[in-house]
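Throughout, read-outs are computed from the coordinates displayed, never taken from laboratory work. Quick caveat, the model's predicted, so the values are computed rather than measured. Here Cβ is always computed from backbone atoms with ideal geometry, including for glycine, and neighbour counts include all displayed protein chains.
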Amino acid sequence: MTTDFRTASVSELAADVRRGATSARELAQHALARIERLNPSVNAFVAVDGDRALEQAAAVDQLVATGGDPGPLAGVPIGVKDGEAAAGYRTTYGSALWSDAPAAVHDSVLVARLRAAGAVVVGKTNLPELAWTGHTHNALFGLTRNPWRLDHSAGGSSGGSAAAVAAGMVPLATGSDGGGSIRIPSACCGLSGMKPSHGRVPAGGSEGAGWLGLSSKGVLGRRIADIVVALDAVVGPDATDLRSLPRPEANWRDALTQPHVPARVAWSPALGYTEVDAEVLSVAERAVAALDDLGAEIVEVPRVFDEDPLDDWLTIVGARLLHTLAPFRDRWDQVTPVLVSLARGAEAVPATRLVAALDRCHELNVRLVSLFRDVRLLVTPTTAGLPPPNELGGRGIVNGVVDPNWVRLTYPFNMTRSPAATVCAGLGPSGLPVGVQLVGPQHADLVVLRSAAALEEAIGFDALAPV
């Protein structure tokens, strides 16, 4: 088989399976062979079940053989982030606390809908413990490396998924984003990524929403068109998710046949509260110039927010971490120390402080409502620094200075629940990818997706990670 998941679109792969030009089994075998060859160096996958994947693929091929339609993702191999339930696999959350968890009996809503659309699950992808940070490493499975430079971070927390797609192990993988966890690794690994509006992809199931409503579920792919094929199959309400939104009236896949950018676009290099690395800024500015060439009027907005909302975001995250870790208090010595510190800190936080942090989410959104009266899209760099060397342990570098919070441009838009995408703007002089972030008004996912697709086309980035 000569197919390369890094150059063939998801639509092409599925269409080939549906018309019999290739088989789901061949696609699964290609994924398994690529994982076997590259995973020892990249460490994107933490569990693979080839027999189970081939059984799923055989069911897809049988349906095709009898004249059935397996769906828009017919035979497409996918990875599932190890914070998401997939039947037959344990869910460890990258933590020793769940290292001996039994295999899931049921899929999550997201995975079930992907399977129903014809996708074939080949395994689980790595994440930092409890999806906490923008660097994918844990004591259970180790470090995920960036396919562009193996000595650099793949980002996080969906770093295993991003690295798997960038390395061509699978064309799609699931992700979640509570502070940038789809956008950050997508940017680090040269991919496009999309955090849908909160509730667009339902969480559902027996557990409550993660991170007190900050986190959105989604998929990672190489390009926006690939992501949209998958999103079209999974968006829509679920009765067990109180936040889930109605299915959009417009079919996103059809709408993407005419990508375009809004007439007025806001450009905010640093959102008003941070410093951005000069190399990142230079590449991002080229992307803004491409938007200008597409006909958008660029309105520079130096200050979107008055200050970094990190403390409020941490207050919300800390409360959720305390709730998660409290039943395991006698095993906190097995937990990443910073998570223990956050949980202990949360014990001393009064309820009024948590309410104030939740009120801050409202205030940030009000600021965006005001901004979006004048423009239809906000563009920023996705991260303040390049993908950092692994030796820094998750800290980044901004203009030559070590910066522990090099990802501070993404979490405000989890707090506002905004739809937000990232597009690879190109490579910097160091050869590392740089992403630009596109943020839209409440529930305006289609504005973001169409703009991201138009920007992708204008930039024309088609380099492949050299693994």
**Extension reserve of the S430-A278 stretch, reckoned as 0.36 nm per residue once the Cα distance is removed** = 53.5 nm
**Fill in**
Per the Kirkwood formula over distinct C-alpha pairs, the hydrodynamic radius of region 59-122 in angstrom is 12.6
**Prompt:** Which FRET efficiency value, to the nearest 0.05, is calculated for T66 and S206 with the Förster distance at 41 angstrom and r the Cβ-Cβ distance?
**Reply:** 0.70
**Request:** Please report, in debye to the nearest 20, how large the charge dipole of region 78-210 is about its Cα centre when each Lys and Arg carries +1 at its beta carbon and each Asp and Glu carries -1 there.
**Result:** 340
**Asked** Cα convex hull of region 10-459: mean projected area in nm², to one decimal?
**Response** 19.9
**Message:** Cα atoms only: what Rg and Dmax, in Å, come out for region 146-190?
**Reply:** 9.3, 26
**Request:** Compute the FRET efficiency between V349 and A15 as 1/(1 + (r/R0)^6), taking r as their Cβ-Cβ distance and R0 = 41 Å, and round to the nearest 0.05.
**Result:** 0.20
**Complete:** When I397, I184, I224 are arranged by how many other beta-carbons sit within 10 Å of their Cβ, fewest first, they go I397, I224, I184
**Request:** For a footprinting-style exposure proxy, rank C361, C189, C424 by other Cβ within 10 Å, fewest first.
**Result:** C361, C424, C189
**Asked** Most exposed first by the Cβ proxy, i.e. fewest other Cβ within 10 Å, how do W98, W211 rank?
**Response** W98, W211
**Item:** Farthest toward positive dipole pole in the chain [+1 Lys/Arg, -1 Asp/Glu at C-beta], among T133, P389, A209
**Value:** A209
**Request:** Whole Å is fine, so just give me how far the alpha carbon centre of region 142-197 lies from that of region 207-224.
**Result:** 13
**Asked** Could you give the length gained on full extension between N251 and N405, defined as 0.36 nm per residue of separation minus the Cα-Cα distance, in nm?
**Response** 51.7 nm
**Prompt:** Assuming R0 = 51 Å, what is the FRET efficiency of Q334 and R286, from their Cβ-Cβ distance, to the nearest 0.05?
**Reply:** 0.65
**Prompt:** Ordered by packing density, taken as the mean number of other Cβ atoms within 10 Å over each peptide's residues, highest first, how do 413-420, 333-340 rank?
**Reply:** 413-420, 333-340
**Request:** State, as an integer percentage, the relative contact order of the chain based on alpha-carbon contacts under 8 Å between residues 6 or more apart.
**Result:** 16
**Complete:** Measuring from its Cα centre, the chain shows a charge dipole (+1 at each Lys and Arg Cβ, -1 at each Asp and Glu Cβ) which, in debye to the nearest 20, is 460
**Asked** Can you give me the Cα centroid spacing of region 369-442 and region 319-349 in angstrom?
**Response** 28
**Complete:** Taking the dipole of the chain about the Cα centre (Lys, Arg +1; Asp, Glu -1; charges at Cβ), the one of L371, G431, V80 that reaches farthest to the positive side is V80
**Fill in**
The longest stretch of the chain containing none of the GluC sites (Glu not before Pro) that sit in a DSSP loop with at most 10 other Cβ atoms within 10 Å is 250-467
**Fill in**
Summing -39500 (n - 2.57) over every DSSP H run of at least 4 in the chain, dividing by its residue total and rounding to the nearest 500, the 222 nm mean residue ellipticity is -11000 deg cm²/dmol
